[in-house]
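Here's the structure we're looking at; comments come further down.
The values are calculated or read from the model by the stated rules, or taken from the named source; none is laboratory data. The shown structure was predicted, so the numbers you read here are calculated from the model rather than taken from an experiment. In this analysis, Cβ positions are derived from the backbone assuming ideal geometry, glycine residues included, and neighbour counts consider all displayed protein chains.
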């Protein structure tokens, strides 16, 4: 049996094919136009967040190492400055070294010898150098400067962050290039295309034996020198009594002042050299 198709049937079929082609093309163009602004692949935000979390962990590891070294660097500076952050009684020069004075011309500045406050200030300062370096190398991350309240315990130093650190969430380049070629969007623009922000408190606790209470012992014994002299004893006898009480100490008369140097009781595990002596001056003409 033969199937006869008339001319009208052929024309109708051809028209339907043409209409179908035009309709599909139109739908494709419309769909492509609607999808073009959405250049985020499924799962891209989640991947960016996981990457940011890992970068945050790397930042905390870096900070722990920086804090461990800064803890002893701050103790180095603290010893050189005689436990003082300020110099209300001025300084004495001894063999080209400037020494902070605890007393000067009858004025006592023992209250300015605040080793805990001075240490916290110096530790923040030392940490700033490491944080600056980190921020310079990680343009999409920011660790705040001068950001820590320092708590010193017997064998640990804790830095509690005041402000949070921030990491800008960046989509993985390979995901972004799935929709946008590198020619259309420059790599520099991809770095700017942050899709969110990850914030965390970069606090730390590190092992460090500071023995800051030793400065309080030195203050007390330095005060005993003046009490001994006020009691009518000879200055040399009172200074010798100090040397007997404070082991590994040396006294040197420099003009109207006595420069005191005491062996630092702290050992720096990051350096074979010993920490510098705790040095200060007393007005004793």
Handout entry: residue 216, sole failed condition from (1) part of a helix (DSSP H, G or I); (2) exposed (fewer than 12 other Cβ atoms within 10 Å of the Cβ)
Key = (2)
Exercise for the section: Scan (1) modelled with pLDDT of 95 or more; (2) in contact with a helix residue (DSSP H, G or I) (Cβ under 8 Å, 6 or more places away or on another chain) for the single condition residue 139 breaks and write down its number. Expected result: (1)
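Taking the condition exposed (fewer than 14 other Cβ atoms within 10 Å of the Cβ) and touching a residue at least 40 places away in the same chain (Cβ under 8 Å), does residue 83 pass? Give the derivation first.
Details: exposed (fewer than 14 other Cβ atoms within 10 Å of the Cβ): no; touching a residue at least 40 places away in the same chain (Cβ under 8 Å): yes.
It is false that residue 83 is exposed (fewer than 14 other Cβ atoms within 10 Å of the Cβ) and touching a residue at least 40 places away in the same chain (Cβ under 8 Å).
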Handout entry: Selected residue [at pLDDT below 75 and surrounded by 16 or more Cβ atoms within 10 Å (Cβ to Cβ)] from 157, 180, 175
Key = 175
Fill in the blank from the handout: Checked 130, 53 against criteria (touching a helix residue (DSSP H, G or I) at 6+ places or on another chain (Cβ under 8 Å), within 26 Å of residue 198 (Cα to Cα) and part of a helix (DSSP H, G or I)); the one match is 130
Problem - Selection within segment 219-244 - out of contact with any helix residue (DSSP H, G or I) (no Cβ under 7 Å at 6 or more places or on another chain), surrounded by 13 or more Cβ atoms within 10 Å (Cβ to Cβ) and more than 25 Å from residue 81 (Cα to Cα) - result: 233
